[in-house]
Number of protein chains: 4
Amino acid sequence: MRTGIWLIGARGSVAVTALIGAAALRARLVDATGCVTELPPLRAAPLPAWSDLVFGGHDVVTLPLLKKAETLAAAGVVPGRLVTALADELGRTEQELRPLPSGDTQAETAGRIADDLRDFRDRHGLDRVVVLNVATTEPVVAEHPAHGSLDALRAALGEAGTVLPPSSLVAYAAFEAGCSFVDFTPSTGARLPALAELAARAGVPYAGNDGKTGETLVKSVLAPMFALRNLRVTSWSGLNLLGGGDGANLADPAANAAKVASKQRVLGDALGYQPEGTSRIDYVAEIGDFKTAWDLITFSGFLGTGMRMEFSWHGCDSALAAPLVLDLARLTAAAHRDGRRGALPELGFFFKDPLGDGPSALAAQWDALTGFAAGLTR
Amino acid sequence: MRTGIWLIGARGSVAVTALIGAAALRARLVDATGCVTELPPLRAAPLPAWSDLVFGGHDVVTLPLLKKAETLAAAGVVPGRLVTALADELGRTEQELRPLPSGDTQAETAGRIADDLRDFRDRHGLDRVVVLNVATTEPVVAEHPAHGSLDALRAALGEAGTVLPPSSLVAYAAFEAGCSFVDFTPSTGARLPALAELAARAGVPYAGNDGKTGETLVKSVLAPMFALRNLRVTSWSGLNLLGGGDGANLADPAANAAKVASKQRVLGDALGYQPEGTSRIDYVAEIGDFKTAWDLITFSGFLGTGMRMEFSWHGCDSALAAPLVLDLARLTAAAHRDGRRGALPELGFFFKDPLGDGPSALAAQWDALTGFAAGLTR
Amino acid sequence: MRTGIWLIGARGSVAVTALIGAAALRARLVDATGCVTELPPLRAAPLPAWSDLVFGGHDVVTLPLLKKAETLAAAGVVPGRLVTALADELGRTEQELRPLPSGDTQAETAGRIADDLRDFRDRHGLDRVVVLNVATTEPVVAEHPAHGSLDALRAALGEAGTVLPPSSLVAYAAFEAGCSFVDFTPSTGARLPALAELAARAGVPYAGNDGKTGETLVKSVLAPMFALRNLRVTSWSGLNLLGGGDGANLADPAANAAKVASKQRVLGDALGYQPEGTSRIDYVAEIGDFKTAWDLITFSGFLGTGMRMEFSWHGCDSALAAPLVLDLARLTAAAHRDGRRGALPELGFFFKDPLGDGPSALAAQWDALTGFAAGLTR
Amino acid sequence: MRTGIWLIGARGSVAVTALIGAAALRARLVDATGCVTELPPLRAAPLPAWSDLVFGGHDVVTLPLLKKAETLAAAGVVPGRLVTALADELGRTEQELRPLPSGDTQAETAGRIADDLRDFRDRHGLDRVVVLNVATTEPVVAEHPAHGSLDALRAALGEAGTVLPPSSLVAYAAFEAGCSFVDFTPSTGARLPALAELAARAGVPYAGNDGKTGETLVKSVLAPMFALRNLRVTSWSGLNLLGGGDGANLADPAANAAKVASKQRVLGDALGYQPEGTSRIDYVAEIGDFKTAWDLITFSGFLGTGMRMEFSWHGCDSALAAPLVLDLARLTAAAHRDGRRGALPELGFFFKDPLGDGPSALAAQWDALTGFAAGLTR
Ligand SMILES: NC(=O)c1ccc[n+]([C@@H]2O[C@H](COP(=O)([O-])OP(=O)(O)OC[C@H]3O[C@@H](n4cnc5c(N)ncnc54)[C@H](O)[C@@H]3O)[C@@H](O)[C@H]2O)c1
Ligand SMILES: NC(=O)c1ccc[n+]([C@@H]2O[C@H](COP(=O)([O-])OP(=O)(O)OC[C@H]3O[C@@H](n4cnc5c(N)ncnc54)[C@H](O)[C@@H]3O)[C@@H](O)[C@H]2O)c1
Ligand SMILES: NC(=O)c1ccc[n+]([C@@H]2O[C@H](COP(=O)([O-])OP(=O)(O)OC[C@H]3O[C@@H](n4cnc5c(N)ncnc54)[C@H](O)[C@@H]3O)[C@@H](O)[C@H]2O)c1
Ligand SMILES: NC(=O)c1ccc[n+]([C@@H]2O[C@H](COP(=O)([O-])OP(=O)(O)OC[C@H]3O[C@@H](n4cnc5c(N)ncnc54)[C@H](O)[C@@H]3O)[C@@H](O)[C@H]2O)c1
Ligand code: NA
Ligand code: NA
């Protein structure tokens, strides 16, 4: 089951950490800590092996992979010894990266992206390709009439002007090329009726949105805890401090808004009501990839007694995200092989804002995920 | 289904909070926040109604209930207005409390305890009685050969000397009187082969041990979170600062040891290995009932990257425990009515150190609990 | 030394807590915890006694003092027993409160405010009156040419339109009436060249701005600690979560901006450079007066090693502010009696953003304060 | 002013970090962050220059300096590039290290230690030598009659058996050899009447005890903050989690007791009363040198309102200690040259448990230190 993973944003922190990690796993230089697909119930599923994976991708910058890898090592995100040991392998992947193409109309751009995907598949004789978006988070996008149906969309794309944000154009191109699509970012991606229509016609699955790696992961277990004990959460406020490329982009209010909405949704879902409070994201260059999130939760219990809980999370975002990116690629490829088409709500375990209306509590999402894996045809 | 709840330690903080709460619920002065049996899936189960419950109990001190209630109000554990409104009701319950009896041998003591239980049941025409231990935590108890079988135990109890710790003697008496038993403390209670034998013969169920209300509750959702993400917890250390009667008792190293062991167990169960670190309990009179627990968790992720999480929990122990005491009484009475005998592992949701070998992750315990409730005969 | 204290915002939380506290101190119902002027080196200074103080004030709302006091008791800010014991006394102070007057021009308004002040002084035969601003924080104010000189200001005030924000108009009226002025808020107050000129001519002192009671107080000792150890603070970020009237007002971005600027200033002063990071204020109604602030400080030490510190502060804002309000009134009255005119930089100990360019480290501010007190004529 | 620094425990983490740092400063590879003697008011004092310092020392283990340096680099305590750049320099210092000598009586042992010190001074033509104890913390030591006077001590040392703990024997030898002595550990060191007598006779100064680098440093500014605001600290509890050699040793209850006592002293001194609570130290190997301390402070303010503060400190102990070790050596050498003899209470700024009865608030200690530096003869 030779499987291609095509990374959008392939020169970014998450992508390069995933590339180093996949190479290190293949070379048996590390164990699979952080990879959910290596846990007992999923390990048995018929997923592509580490050695079956081939990587390529698009980016809008040209920083060499090796340079980026060295920066990640200096920041403590990946061990320096791995970068040294895997330099050749990274050099080979470098050959598979392409600048994000651009045409006169969005239809033309999409066509060129799809060509790159088909070339990649053919060049390596791949059974299928998963397109995985780990590019910079986009600002929230204005609605457009052409988003509503595939015919309208096709017509609009052929004209001058911008109809789709980059993440959705990539999803469009992926589906056209017969590839599945995973959106690890809060961007729009495949979340438009026209694209759902296209995925269904093309017979490909997709998953998203926004990888759940830090504060929201913790929320997805704490909020159900309060709910199961019938404790009333009266407020939940948070502050995320982070640097790095993702942080710098989130300093932009528009991108920030997209992310923040995605971060509070789990509370309403898990509790059945939306408690007071917001979750903020502040860019602090100095803090780099090792982000700190602090949350204060006030709640009331029996007879109205008020109580509180605080937590601080000091996580390395890219180290948390990268193994999930690999997990998602393996699972989506398997779903594709199995003939699944359209949204994959069973992968909600991985996302802050999952497609479909599956459960938001982590434990319930885990049950959905293991059920999905158990159902895959061998 | 008139149900008696006989509290061992009936003049303590947890007990009196539970008494005030039950009276307030019956009088519809409060909602049922904190009561798990009022959540949708359990609310439908055939449990005794709030108005079916009758309270009595033993204690070794004589502090009037109303005095204790006023102290709890002054400390912010219960609202003062409830104490005022329910003073008469508390006065009536006062009449149902008895000093813990004592005889020349433990057999004699147990006989008198059982007599008090039978009197209570007869006096109020109760269908059944749940004996619920919320007394001071005992020191860890030395093994004794008579713990191994009911015959040996019966023989030994008839002689001078101490064979059973108070909590186990109470369980013995409860079973002899045909009552079910719940141990909300880390004391030995019913956890002896001889008592398991007796419960089976007497046809009564029992549950325990050690109510899960604070730091351990949080552990029971965070530890599975790390496990489900295949993150390796490298250390987990905690400090619990608390005052109150329970805190004062835990300042005694022997009682402390019992509690601390009970608090780390969940980690090994949920993670599959025991991470470094201990959970300490320190008595700080000033802090009173609003205990503060702080935990530091270090963990490693993909490619060995080290990360950490901290949390502080500021909970009011009695306000967290009291509704669970009521839940446990309702559930155990229903099990008894349904003919269940022996340990009730399905109630592990409520305990730090559950009887039987059920799951330790809160979500899985919830599934077991709702399954149990759904299976109760109407 | 009969001394009047005229509170602007007299029906607010800080004001009413101060009124209850002053009455309780006079009645010897409480000790002077929280009052800096009762510490040994200041206690010896020739300040007005508690029994010398007479209270009055302006507000724009009409909520009765006793109602407000009961609200504060219900929220745990002041003990209920004090409100009960001091109800009569609060009733007497109620008679001394006036609605904030208003005229056709700002000159006329100021005239009426000054009249209220003179009436108060005469009615009670007071030696002097301190006007103390504890009203709602105002938005940052646009510059106006008339702010630059007293002549220009007088001319402009006589015409229609708004020249001064309310806090500055009050300062103007106070000076005209021969009263000293203290600004406990971040509003503009006396911080305009024209008002400095007026205070000098009127021969009255003034102090401000913005009482230092929580996060900034902690900063004023932690920032010097890093500086004295030659540790480089690389970022300092904070989030303040609070409800109450002050919090609701700070939910307004303009008022928020005034406060936030005032909160970071201490860092640049104490460290000699401005570290990255901001201090945010978020309104969370549920949290009420017991505000929570969380700060994350990253710093680097010997050979560049990176480290971090976090703190959470759970303070009751009004309980922290009220004793300082009383301290400031006593100290400013003594300065006035001693013939001091103009700004009092020696009171920088009390403020986030002190007038003049005194030290910003708390210990150095304390030295300045005790020096000032020691220099007061007996 | 060629100055020798003789480190007891020269192969430990603090010592080797100091050695690397001093070499890096001399080679101008780093700036002096963390060095207090490089702050403006001290920088002007007549202290030995970085290039005047020569290092040697004793240890009981033989692990090569370079190996230890590499371990520190791998743990992130020092930058790897410095270890590479300074390998030759570390090789030269390696030649100056000696195994801790041992004789048949303690007098003989002391004689050999003194010989090593004199050899070192002569070999390098040093003006004077500071002996600096950074060895493993010793258990608290039993009193002995010979500790009371120099004559009794001399007599006792000549006999078989142990009269002095290792740290005190080293102080004895240092004084005999005409060297000054600094104790950076909580061990007994020079704190015995007999040794005070000897230092006075030998005309040498000494300083100590127990470097103040983390939790206690923070206490030394926060406790005065509460005191200056007349806030009553009702409890102060802490937990220190650390690994490393120092942590492993502190897992021993006897050594732990010495350290813990030293950590709470500052509170009583700064507040004027000892609040409830203890400060614990737990060994967690996994945490290594980057220790985490958490403190909970409860306090009451105006009218008895209860509040609380928490902090977490994540510091690298050796990186915090090493520059202070260098500062102390420079300052003590200058005091020695200036003819100071006996204890140096003006260096209390650096210690948890300073000799003499100087102030315990950091700001006041800073004033004492700068006064001392200003008084040094040029
Ligand atoms: N790390 C986490 O824990 C985590 C969790 C959830 C979501 N995410 C999301 O993953 C994404 C990547 O994060 P990162 O830390 O790697 O960010 P990054 O800034 O390091 O990398 C983003 C990369 O995307 C490239 N890019 C930008 N626009 C592009 C486009 N239109 N087409 C192709 N490439 C483009 C950039 O040049 C850059 O190389 C972000 O959107 C982030 O919000 C990350
Ligand atoms: N509050 C919680 O969150 C929580 C959680 C888990 C377990 N627990 C356990 O619940 C128990 C009660 O806690 P609390 O805060 O009410 O303590 P408490 O000290 O207020 O009350 C204990 C009561 O038990 C009585 N008692 C002591 N020995 C007795 C005996 N042999 N027979 C009968 N009564 C006896 C005491 O006189 C006292 O009235 C403790 O064992 C505690 O560890 C509490
Ligand atoms: N509590 C603290 O720790 C603290 C610290 C520093 C500064 N402050 C400042 O103290 C002030 C008072 O805080 P609070 O918590 O009492 O707020 P609050 O909202 O409870 O009270 C403010 C009062 O001012 C009145 N007011 C509004 N505009 C007025 C005007 N123009 N003239 C007269 N009265 C007016 C309001 O009606 C209200 O009664 C705020 O500006 C706050 O920022 C408080
Ligand atoms: N790092 C800090 O922030 C800090 C602060 C205050 C005090 N201290 C104290 O500094 C000391 C050193 O700490 P560390 O982290 O370097 O510990 P470490 O364990 O890394 O080093 C101690 C060294 O002392 C050596 N040693 C033991 N007994 C000896 C003896 N009798 N004579 C000579 N050498 C001996 C050991 O072999 C070891 O090499 C400890 O006592 C610690 O408590 C450290
Ligand atoms: Na905290
Ligand atoms: Na924290």
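Quick one: how many residues across segment D:175-232 are of a type in the set (D, E, K, R), under 17 Å from the mean Cα position of the chain (by Cα) and in a helix (DSSP H, G or I)?
1
Within segment D:235-258, can one find any residue that is under 17 Å from the mean Cα position of the chain (by Cα), without any contact (Cβ under 8 Å) to a residue 40 or more places away in the chain and closer than 13 Å to D:Lys352 by Cβ?
For segment D:235-258, residues under 17 Å from the mean Cα position of the chain (by Cα), without any contact (Cβ under 8 Å) to a residue 40 or more places away in the chain and closer than 13 Å to D:Lys352 by Cβ: absent.
Looking at (1) within 16 Å of ligand 4 (Cβ to nearest atom); (2) touching a residue at least 12 places away in the same chain (Cβ under 8 Å); (3) part of a helix (DSSP H, G or I); (4) among the hydroxyl-bearing types (Ser, Thr, Tyr), which is the one condition that is false for D:Thr71?
Condition (2) is where D:Thr71 drops out.
For residues in segment A:286-298 being at pLDDT 90 or above and at the interface with chain C (Cβ under 9 Å from one of its Cβ atoms), which is farthest from C:Gly238 (Cα to Cα)?
Across segment A:286-298, the extreme among qualifying residues is A:Thr298.
Kindly indicate whether any position in segment B:150-166 is assigned by TED's automatic domain parsing to the domain that holds B:Gln106 and closer than 23 Å to B:Phe120 by Cα. Show your work before the answer.
Step one: of segment B:150-166, the residues assigned by TED's automatic domain parsing to the domain that holds B:Gln106 are B:150-166.
Next, from what is left, pick out any that are closer than 23 Å to B:Phe120 by Cα: B:166.
Yes, the conditions are met somewhere in segment B:150-166.
Given C:Ala18, C:Ala49, which one is under 18 Å from the mean Cα position of the chain (by Cα), within 25 Å of C:Asp122 (Cα to Cα) and among the small types (Gly, Ala, Ser)? Quick ask: steps written out before the conclusion?
Numbers: C:Ala49 fails: under 18 Å from the mean Cα position of the chain (by Cα).
Answer to the check: C:Ala18.
Please tell me if B:Gly56 is closer than 29 Å to B:Gly348 by Cα, surrounded by 14 or more Cβ atoms within 10 Å (Cβ to Cβ) and of a type in the set (Gly, Ala, Ser). Lay out the reasoning, then the answer.
Details: closer than 29 Å to B:Gly348 by Cα: yes; surrounded by 14 or more Cβ atoms within 10 Å (Cβ to Cβ): yes; of a type in the set (Gly, Ala, Ser): yes.
Criteria met by B:Gly56.
Output the residues belonging to segment B:262-281 that are of a type in the set (Gly, Ala, Ser) and either free of Cβ contacts under 8 Å to residues at least 40 places away in the same chain or surrounded by 19 or more Cβ atoms within 10 Å (Cβ to Cβ) (or both).
Matches in segment B:262-281: B:Ser262, B:Gly268, B:Ala270, B:Gly277, B:Ser279.
Take A:Glu94 and decide whether it is under 14 Å from A:Val16 (Cα atoms), modelled with pLDDT of 95 or more and in contact with a Pro (Cβ under 7 Å, 6 or more places away or on another chain).
yes
Please determine, by comparing only the residues of segment A:65-78 that are more than 12 Å from A:Ala15 (Cα to Cα) and in contact with a Gly (Cβ under 9 Å, 6 or more places away or on another chain), which one is farthest from ligand 3 (Cβ to nearest atom).
A:Leu66
Can you pull out the residues in segment C:174-216 that are among the small types (Gly, Ala, Ser), crowded, with 21+ Cβ neighbours inside 10 Å and touching a strand residue (DSSP E or B) at 6+ places or on another chain (Cβ under 8 Å)?
Residues satisfying the conditions are C:Ala174, C:Ala177, C:Ser180, C:Ser187, C:Gly189, C:Ala190, C:Ala199, C:Ala207, C:Gly208, C:Gly211, C:Gly214.
Given the conditions (1) on the phi < 0 side of the Ramachandran plot; (2) within 12 Å of chain A (Cβ to nearest Cβ), and given that B:Ala44 satisfies all but one, which numbered condition is not satisfied?
Failed condition: (2).
For every residue, the table says whether it meets (1) more than 16 Å from ligand 5 (Cβ to nearest atom); (2) under 23 Å from B:Cys179 (Cα atoms); (3) touching a strand residue (DSSP E or B) at 6+ places or on another chain (Cβ under 8 Å).
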residue: B:Leu7; (1), (2), (3): yes, yes, yes
residue: B:Ala15; (1), (2), (3): yes, yes, yes
residue: B:Ala22; (1), (2), (3): yes, yes, yes
residue: B:Gly34; (1), (2), (3): yes, no, no
residue: B:Ser51; (1), (2), (3): yes, yes, no
residue: B:Thr84; (1), (2), (3): yes, no, no
residue: B:Leu90; (1), (2), (3): yes, no, no
residue: B:Leu97; (1), (2), (3): yes, yes, yes
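Sort through C:Val325, C:Val284 and tell me the only one that's assigned by TED's automatic domain parsing to the domain that holds C:Tyr206 and either buried (at least 24 other Cβ atoms within 10 Å of the Cβ) or aliphatic (A, V, I, L, M) (or both). Steps first, please.
Values: C:Val284 fails: assigned by TED's automatic domain parsing to the domain that holds C:Tyr206.
One residue alone meets the criteria, C:Val325.
Just for segment B:155-167: of the residues that are within 11 Å of ligand 2 (Cβ to nearest atom) and in a helix (DSSP H, G or I), which one is surrounded by the fewest Cβ atoms within 10 Å (Cβ to Cβ)?
Checking each candidate, the answer is B:Pro166.
Given (1) under 25 Å from the mean Cα position of the chain (by Cα); (2) more than 9 Å from chain B (Cβ to nearest Cβ); (3) within 16 Å of ligand 6 (Cβ to nearest atom), identify the lone condition not met by A:Phe311.
The single condition A:Phe311 does not satisfy is (2).
Inspect segment B:344-361 for any residue being away from ligand 2 (no atom under 16 Å from the Cβ), crowded, with 22+ Cβ neighbours inside 10 Å and modelled with pLDDT of 95 or more and give the result as yes or no.
Yes; the residues of segment B:344-361 include at least one that is away from ligand 2 (no atom under 16 Å from the Cβ), crowded, with 22+ Cβ neighbours inside 10 Å and modelled with pLDDT of 95 or more.
Taking segment D:285-308, which residues are in a helix (DSSP H, G or I) and within 24 Å of C:Val83 (Cβ to Cβ)?
D:Phe302, D:Leu303, D:Gly304
Using the structure shown, decide if C:Thr234 is more than 16 Å from ligand 1 (Cβ to nearest atom), outside the structural domain of C:Asp269 (by TED's automatic domain parsing) and of a type in the set (Val, Ile, Thr).
Spelling it out, it is not the case that C:Thr234 is more than 16 Å from ligand 1 (Cβ to nearest atom), outside the structural domain of C:Asp269 (by TED's automatic domain parsing) and of a type in the set (Val, Ile, Thr).
Across segment B:228-268, what is the number of residues that are aliphatic (A, V, I, L, M), out of contact with any strand residue (DSSP E or B) (no Cβ under 8 Å at 6 or more places or on another chain) and modelled with pLDDT under 75?
The number of residues fulfilling the criteria is 5.
Of these, C:Ala156, C:Ala110, which one is out of contact with any Phe, Trp or Tyr (no Cβ under 9 Å at 6 or more places or on another chain) and of a type in the set (A, V, I, L, M)?
Result of the check over C:Ala156, C:Ala110: C:Ala156.
Take the residues in segment C:292-345 that are within 30 Å of D:Thr298 (Cα to Cα) and β-branched (Val, Ile, Thr); name whichever of them is farthest from ligand 1 (Cβ to nearest atom).
C:Val325
So in segment C:254-276, with the set limited to residues that are in a loop (DSSP other than H, G, I, E, B) and in contact with a helix residue (DSSP H, G or I) (Cβ under 8 Å, 6 or more places away or on another chain), which one is farthest from the other protein chains (Cβ to nearest Cβ)?
Taking segment C:254-276 first, the residues in a loop (DSSP other than H, G, I, E, B) are C:272-275.
Add one more test, that the residue is in contact with a helix residue (DSSP H, G or I) (Cβ under 8 Å, 6 or more places away or on another chain), and what stays is C:272, C:274-275.
Values: C:Gly272: 10, C:Gln274: 13, C:Pro275: 8 Å.
Among those that are in a loop (DSSP other than H, G, I, E, B) and in contact with a helix residue (DSSP H, G or I) (Cβ under 8 Å, 6 or more places away or on another chain), it is C:Gln274.
Could you check, for segment D:21-37, whether at least one of its residues is within 14 Å of ligand 4 (Cβ to nearest atom), over 27 Å from D:Thr370 (Cβ atoms) and part of a loop (DSSP other than H, G, I, E, B)?
no
Picking from C:Gly56, C:Gly76, C:Gly111, which residue would you name as being assigned to a loop (DSSP other than H, G, I, E, B) and not aliphatic (A, V, I, L, M)? Explain how you work it out, then say what you get.
Working: C:Gly56 fails: assigned to a loop (DSSP other than H, G, I, E, B); C:Gly111 fails: assigned to a loop (DSSP other than H, G, I, E, B).
Selected residue: C:Gly76, the only one of C:Gly56, C:Gly76, C:Gly111 that is assigned to a loop (DSSP other than H, G, I, E, B) and not aliphatic (A, V, I, L, M).
At the interface with chain A (Cβ under 10 Å from one of its Cβ atoms) and at pLDDT 85 or above, is that true of B:Gly301?
It is true that B:Gly301 is at the interface with chain A (Cβ under 10 Å from one of its Cβ atoms) and at pLDDT 85 or above.
Based on what the data block shows, is B:Gly339 surrounded by fewer than 21 Cβ atoms within 10 Å (Cβ to Cβ), away from chain A (no Cβ under 14 Å) and without any contact (Cβ under 8 Å) to a residue 24 or more places away in the chain?
Details: surrounded by fewer than 21 Cβ atoms within 10 Å (Cβ to Cβ): yes; away from chain A (no Cβ under 14 Å): yes; without any contact (Cβ under 8 Å) to a residue 24 or more places away in the chain: no.
So B:Gly339 fails the test.
The values are calculated or read from the model by the stated rules, or taken from the named source; none is laboratory data. Computed from a predicted model, the values in this text were never measured in an experiment. FYI the Cβ positions are ideal-geometry reconstructions off the backbone, even for glycines, and counts take in every protein chain you see.
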